[in-house]
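Undergrad: Okay, handing you the structure first.
The values are calculated or read from the model by the stated rules, or taken from the named source; none is laboratory data. No experiment lies behind these values; they were computed from the predicted model shown. FYI the Cβ positions are ideal-geometry reconstructions off the backbone, even for glycines, and counts take in every protein chain you see. Quick note on the areas: whole protein, heavy atoms, side chains included, nothing else; ligands and nucleic acids left out. Shrake-Rupley method; radii C 1.70, N 1.55, O 1.52, S 1.80 Å.
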Amino acid sequence: MRRLFLFAVLFFWTVTVQARGWPEGLSFIGLTSEGWRLYAVGPGESEPRAIATSSEPHDTAYHLSGGRIAFIAADGALRELDLHTGEEHTLRQRSDRLAWTQPAYDSAGRLFAVVLKEGNSADTDIVQLTGTTVKQVVQQRSAQFEPDIQGRVLHYSNVLCTVGCGRIIQEIWRMDLLTGQARQITLMNAISREPAASPDGVWLYFVSDRNGHYHIWRLAIPDGKPEPVTRGNFTDLSPALDGAGRLWFIRRTPQGVRLMVREADGTMLAKPLPVGISDVRALEIAR
C-alpha cells in the first residue's frame, strides 16, 4: 500500500510539472535534419515553434513584448526579425575591422551586443545599438562577453588573463548603467561566464569550470558567495530563469544533449527535446 501511495504521489507530481509546459519567451537554436533553426515560445503559445530566418542563425536574442528577434547570420551580419510582420533587416554588417556577436535586449527593447575589434575575440567591447549610433557601454582591458541586462544593471563576463596565467581566467562583473560604475563580483580563478540574473533580482546564475567540468553556479546579488547548483560528470551550459523561478539549462553528457529544469525546491527534471531536434544551443528566456 505504501508503494502504491508513493507511486500515485510521484505520478501526480510528474503530470503537474509537465502540464506547466514551456515558458513564454524561451528561445533556442535547435539542430534538425535541415540544419540549425531558431525556435521560440511566443505569447500565448504552449511549445516552441520554428522561426523562419533568411540565414542559419548563430547567437540570438528575443524581445518578447516587442515581438523582435536579433540574431547573427551566417555571413556575420547582425540582423533583426519582426515577428509580427515577418520583415527582416540588417542592423550591422560584419567587416574586417568589426564583427558582431551575442546580442541582448533589455526589458525596454534596447539592443546591446558584443563587438569584436579587428574581427576576433582578443579585444571586445559591449555596446548599445540605436539606429545608426553605436554607444560604448563596457570598454575594459582584454575582452568582455555575454551581456545580461535587468533594469539598470548589466552583468557580463570579462577575460582577465590568458597566456600569462597558464589558462584562461574569466570572471563575472556587474555594472550600473546609470552611473557607469563596474566591479568584479566573482573570484573563481577559473572560467566563469554566461551570467543570468533571476527575474526577482535575488540570484545571479552563471557557468564555471571551477570544479573541472562546466557546471551551473549561483550567488546572491550583489555580494553573495558563489555556490554550485549542479555537480557531476557532465557539462551544463546556458542558464536561464523563467517567471516561475525555475532554472532552465542545457546538459551535455556522453549519451547526448538534454534540456534540464531545476524547480524552486531544487528538484532536477529533464525536459524532452521537441520532435525532430537532436541538439540545442543559445538557450535564453526573454523578459
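Undergrad: Hey, if we sort S27, S121 by accessible area with the 1.4 Å probe, largest down, what's the order?
TA: In descending accessible area the options line up as S121, S27.
Undergrad: When Lys and Arg each count +1 and Asp and Glu each count -1, what net charge do the other residues less than 10 Å away from I221, Cβ to Cβ, add up to?
TA: Neighbour charge sum, excluding I221 itself: 0.
Undergrad: Here is a follow-up. Would you kindly find the accessible area of V153, with a 1.4 Å probe and non-protein molecules such as ligands, DNA and RNA excluded, rounding to the nearest 10 Å²?
TA: 30
Undergrad: Probe of 1.4 angstrom, ligands and nucleic acids ignored: what's the accessible area per residue over the chain, in square angstrom?
TA: Counting only protein heavy atoms, the per-residue value for the chain is 49 Å².
Undergrad: Still on this structure: Determine which residues of the stretch 178-218 fall in the zone a paramagnetic label at R167 would reach in this model, i.e. backbone nitrogen under 13 Å from the point 7 Å along Cα→Cβ.
TA: In the stretch 178-218, the label zone of R167 (backbone N under 13 Å from the point 7 Å along Cα→Cβ) covers 188-192, 208-215.
Undergrad: Let me ask another. Rounded to the nearest 500, what is the 222 nm mean residue ellipticity of the chain from helices alone, with -39500 (n - 2.57) per DSSP H run of 4+ residues and division by all residues?
TA: -2500 deg cm²/dmol
Undergrad: Which order do T132, T230, T32 take by accessible area at a 1.4 Å probe, largest first?
TA: T132, T32, T230
Undergrad: Carbon and sulfur together cover what percent of the accessible area of the chain at a 1.4 Å probe radius?
TA: Of all accessible area on the chain, carbon and sulfur atoms account for 53 percent.
Undergrad: If each residue of separation counts as 0.36 nm, what is the full-extension length gain between D176 and D279 once their alpha-carbon separation is subtracted?
TA: 33.5 nm
Undergrad: Among (i) 18.0, 55; (ii) 18.2, 58; (iii) 19.2, 71, only one was calculated for this model; which label is it, if the read-out is Rg and Dmax of the Cα atoms in Å?
TA: Read-out taken from this structure: (iii).
Undergrad: Hey, another quick one. Could you derive backbone 3J(HN,Hα) for the stretch 234-250 from the dihedral phi with the Karplus parameters 6.51, -1.76 and 1.60 (θ = phi - 60°), listing whole Hz in sequence and x where the residue is Gly or Pro?
TA: Couplings: 7, 10, 10, 9, 6, x, 8, 10, 9, x, 8, x, 8, 9, 10, 7, 9 Hz.
Undergrad: Still on this structure, please answer the following. Of S278, S198, which has the most accessible area and how do the rest follow, probe 1.4 Å?
TA: I get S278, S198, largest accessible area first.
Undergrad: Separate question: Not counting ligands, DNA or RNA, and with a 1.4 Å probe, what is R287's accessible surface area in Å² rounded to the nearest 10?
TA: Taking all protein chains as shown, R287 has close to 100 Å².
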